[in-house]
Amino acid sequence: MNGETIRFQRFFGNGQKAVIVAVDHGMFSGPPPGFEDLPAVVTALEAADGILMSAGMAKHGREVFCHRGAPAMILRLNWGTQLCTQWDYQHGYSVPVLSPSRALAEGADWALAGVSLRNIDEATDADNIEVLARLVDEKCQAGIPLIGEPFPVNAEDARPEDLQELIAISCRVVAEIGVNAIKTFYTGKGFADIVRSTPVPILALGARKQKRERDALELAASAVRDGARGVVFGRNVVMAREPARFLDALLEVVKAGRDPDQMASQYNLS
């Protein structure tokens, strides 16, 4: 049993489910509303199982990760144009910005790397897979588990049937490349098929802010019911009326299997 396995089991062992809060949005689009004072945001949300962020911002909120029972620090290893949604890019180019060994040195428990497939040209896809494969090789040497993030260009606006096919293929591809877990879109009724054909844990991302907080809880409940091992929510947590209160409700839904409508009422959510 090596460091990679130990860190993986600490997070997912015994069938555990996880709630991760993503606060790395500024790495691609600048700070959305509510993300401006990131150290304060992270401090308010330390009840999460993990917090996804960039290495540059981790140093500004490091004290959150320094006590027993602290959330896992998850650092993003690459930068991709597919996540710069404000600029309407049509290609998903990926470049590494942090090595797995450096992530480990910064205090990370896990790392994450995004990948965009089925771009306009085949060369971009090949380059993106090369970046991911290199990071997989390096994470094995460093002993840190890696979350892969299939995120197609314009995925948030894709037709459901197109997104289903692309995510199904992409999840299997990145699992075959060697990631330890996957963060990707919840695709609705076909999501359970994706889970069955993907041999690593899948975490459902929250994507755009839902109109109602109870809708975000329902998304999480549906994903877990269909086989997700947890969720990675960013805007739906940080931009909630009371982020810490919403996170408590989300933890109940994902980890304890509570009814999302009951939790919305119990926690006085919109």
Per the filter on segment 243-270, residues within 21 Å of the chain's Cα centre (by Cα) and either in a loop (DSSP other than H, G, I, E, B) or of a type in the set (Lys, Arg) (or both) are Arg245, Lys255, Gly257
Please indicate, with yes or no, whether at least one residue in segment 83-100 is on the phi < 0 side of the Ramachandran plot, at pLDDT below 95 and within 15 Å of the chain's Cα centre (by Cα). yes
The helices (runs of 4 or more DSSP H) lying wholly within segment 1-110 that contain at least 3 residues that are under 19 Å from Leu247 (Cα atoms) are 38-44
Discussion item. Can you find a residue that is at pLDDT below 95 and not polar (S, T, N, Q) anywhere in segment 234-248?
Written reply: no
- Query: On the given criteria, is Arg212 at pLDDT 95 or above, touching a helix residue (DSSP H, G or I) at 6+ places or on another chain (Cβ under 9 Å) and loosely packed, with under 14 Cβ neighbours inside 10 Å?
  - Reply: yes
Checked segment 147-180 for anything aliphatic (A, V, I, L, M) and in contact with a Phe, Trp or Tyr (Cβ under 7 Å, 6 or more places away or on another chain); matches are Ile147, Val153, Ala155, Leu163, Ile167
Only one of (1) more than 15 Å from the chain's Cα centre (by Cα); (2) modelled with pLDDT of 95 or more; (3) at negative phi does not apply to Gly178, and that is (3)
Looking across segment 31-55 at residues that are over 19 Å from Leu205 (Cα atoms) and free of Cβ contacts under 8 Å to residues at least 12 places away in the same chain, the single one that is surrounded by the most Cβ atoms within 10 Å (Cβ to Cβ) is Asp37
Residues in segment 118-138 that are in a helix (DSSP H, G or I), out of contact with any strand residue (DSSP E or B) (no Cβ under 8 Å at 6 or more places or on another chain) and either under 14 Å from Thr81 (Cα atoms) or of a type in the set (Lys, Arg) (or both) total 2
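The values are calculated or read from the model by the stated rules, or taken from the named source; none is laboratory data. Please read these numbers as outputs of a predicted model, since none were measured by experiment. Because the Cβ atoms are built from the backbone with ideal geometry, glycine has one as well, and the counts that use them run over all protein chains shown.
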